[in-house]
Every structure is written in structure tokens, then in C-alpha cells.
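The values are calculated or read from the model by the stated rules, or taken from the named source; none is laboratory data. Computed from a prediction, not measured in an experiment: that's the story for all the values here. With ideal geometry, Cβ positions are generated from the backbone for all residues, glycine too; neighbour counts draw on all protein chains shown. These accessible areas exclude ligands, DNA and RNA; they are computed on the full protein's heavy atoms, side chains included. Shrake-Rupley method; radii C 1.70, N 1.55, O 1.52, S 1.80 Å.
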Amino acid sequence: MPVKIYLNPEHGGSDGGASYAGLTEKTLNLKTAKYCREYLKKYDCTVFLSRETDTGDLLITQRIADLKEKKVNAVITIAHNAGGGQGCEIFYWKDDSSSKRLAQLIEEKFKEIGQISRGVKASSEAAYNFGMVREPSKDGIPAVLSEFAFLDNAQDRLLVDSDEDLKREGEAIGKAVKEFLNLKEVAAEPEKPQEDNGAIYRIQIGAFRLKANAESYVEYVKRRGFDAFYKEDSSGDGVIYRVQAGAFKNKSYAREHLARLREAGIEGFIYENPQ
């Protein structure tokens, strides 16, 4: 069975998380998760993200149901801290030695990129009772919460205030996951050529006669963590409201995005039209 990894960029939608000096946690979390996924692409695993955009509100119960349905092998919640302090801290569920080992590996990789550590800490009913750590662990799925830096600390902000920094953080998490799950490198695929034929590749995920139905489906897709919108089409017999979830100049990227939609249970197809 393929190894499946679930990355949970904490917060999202109306829940921005911590915010300080122009940095918003939900955005940092998502960028870090995507850099981690990009790093893990060269290994024999499948990586799922709990959300793909900053829009849409996902409850912890929804994320837990999602990861259980996907039957994942490890869960890493990616977050950034605030409230006074400096350094990283990684949480695992009490008495779960496997999760503790994953947390220790992440701490080790964070130290290698120059972050100091506040420690690997046990989560329990009495303290740090994090649902995304507790629930997967109780089902036998190693799960940790990674808090890399304090946004309200000047030194820590220097470690997260650029995409280059977030890539370094994401790759550190990826290296820990690779070691924890003993992932093997797969043969690299040929680099995908950029397509520049003047076309746009759009992903359609629904078509409705009633505008209200299109609006409702757009909201559903956003709650699943994807951007979506509808367009009115009156070119045929009556008005159709077509729901889309992305537009790309490169067909390969459109296919990758459609695959992620399908992993989330959202069917669709790609069609080409001029810019």
C-alpha cells in the first residue's frame, strides 16, 4: 500500500490565526505545507493537504474525518506561534512513542536550519489538548503539531518573513517525515515543458440551471479548501451557471490540480479555450 501523508496547515478562511508585523499565520502555514509537499514529491508517497487555499473554513472534525477516510500513515499540523516566547516547539499525544519520535525528528531538522527549541512536549487532556494530535494518535496514526516560530518575536520573524524561509521550514519537515517513514526516492519525471499556445485550461466541476444551486456548490467547494466560482453562460438553450475551480496556462498543472480535487471527492474535467 502506498504511504500517505496528511499535512494540515492550521487555520484558514475567517480564522487567520496569529497576525503580527504584516505576517498572517494561515498564509505562512499554507505556504510551508506546500513547500513540504513539493519536497516530498521525489519520494514514494502521496501527500494530502487539508486545504489548498486561504479561503474556506474547515472545522477540526472535518479535517479528522478527511484524514481517516484517506487512511493516512502520518499527520503533521503546521502552525506558527505567538504570545511571547522564542523558538520552535513540537507536540505529540502522551504515551505515543511513535508520534514522539516524529516530533523529535522535526525538532532535529529545525535545529539544523538555525532555529532554537523550546522542546518536544506531550499533549494530554490536562494540557495542550490539541484535537489534531489527540484524535489521529488514538486511532494509531502518528500525529504531531509543529510550531516553528513566534510571530511576535523579532528574531523568530527573521526565520519566516520570506518564501525562501518558509521553503526551508517546509523542507525541514519533509526531511523529518522522510526519515520517520523510511521513504525511498523515486525516479525523477522529465521536467514538464511550459505550454505557450495562447490557451487557457479551465477546470469545470459543475453546471446548474439554478443560480442558487451554483452558489451553494461554490461554497461547498470552498469549505473543502479550494477556490471556486461560477460564470453565467447564455450561449446555448437557456442560461447555465458553470462552476469552475481553476484556470491554467499549463495543461500539466491543470491536471495536477484536478487530481487534487478528485482526491477530495470533487469531480470535474479540463477544457481549453483561448485567453
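For the stretch 1-129, how big is the tail of P(r) above 26 Å, as a whole percent of Cα pairs? Everything past 26 Å amounts to 21 percent. Counting every alpha-carbon pair across the stretch 58-163, the share separated by more than 21 Å comes to 36%.
Angle, helix 60-70 long axis vs. longest principal axis of the chain, Cα atoms, 0 to 90°, nearest 10? Between helix and principal axis, roughly 80 degrees. Approximating the spin labels as points 7 Å out from Cα along Cα→Cβ, the Glu219-to-Asn129 distance works out to 3.2 nm. In a reduced charge model with +1 at each Lys and Arg Cβ and -1 at each Asp and Glu Cβ, the chain shows a dipole moment near 580 debye about its Cα centre.
Here each label is just a point 7 Å from Cα along the line to Cβ, and for Lys71 and Leu210 those points are 3.7 nm apart. Here the scattering of the chain is modelled by Debye summation over its C-alpha atoms, one equal scatterer each and no solvent; at q = 0.08, 0.11, 0.15 Å⁻¹ the log10 of I(q)/I(0) is -0.36, -0.67, -1.13. Residues Arg51, Arg134, Arg209 ordered from highest to lowest accessible area at a 1.4 Å probe: Arg209, Arg134, Arg51. Think of the stretch 1-119 as a dipole: +1 on every Lys or Arg Cβ, -1 on every Asp or Glu Cβ, centred on the Cα centre; then among Ala65, Gln115, Tyr39, Tyr39 lies furthest on the positive end. Database remark: amide H of Gly246 closer than 5 angstrom to the amide H of Ile203 (H placed geometrically; neighbours at sequence offset of 5 or more, or on other chains; Pro and chain starts carry no H).
In terms of the mean number of neighbouring beta-carbon atoms within 10 Å, the peptides 8-15, 109-116 order highest first as 8-15, 109-116. Rounded to the nearest 20 debye, the dipole size of the stretch 126-275 about its Cα centre is 540 debye, using +1 on the Cβ of Lys and Arg and -1 on the Cβ of Asp and Glu. The stretch between Gln155 and Ile270, if pulled fully straight at 0.36 nm per residue, gains 36.9 nm over its current Cα-Cα span.
For the stretch 151-275, the spread of Cα coordinates along the three principal axes comes to 59, 40, 29 Å, biggest extent given first. In this structure, the amide hydrogen of Gly206, modeled 1.01 Å from its nitrogen in the peptide plane, lies closer than 5 angstrom to those of Val243, counting only residues at least 5 positions away or on a different chain. Computed with every protein chain present, the accessible area of His80 is close to 0 Å² [probe 1.4 Å]. Calculated on the alpha-carbon coordinates, the convex hull of the stretch 89-140 measures out at 67 cubic angstrom per residue.
If both residues of a DSSP beta bridge must be in the chain, then about 55% of such bridges are antiparallel.
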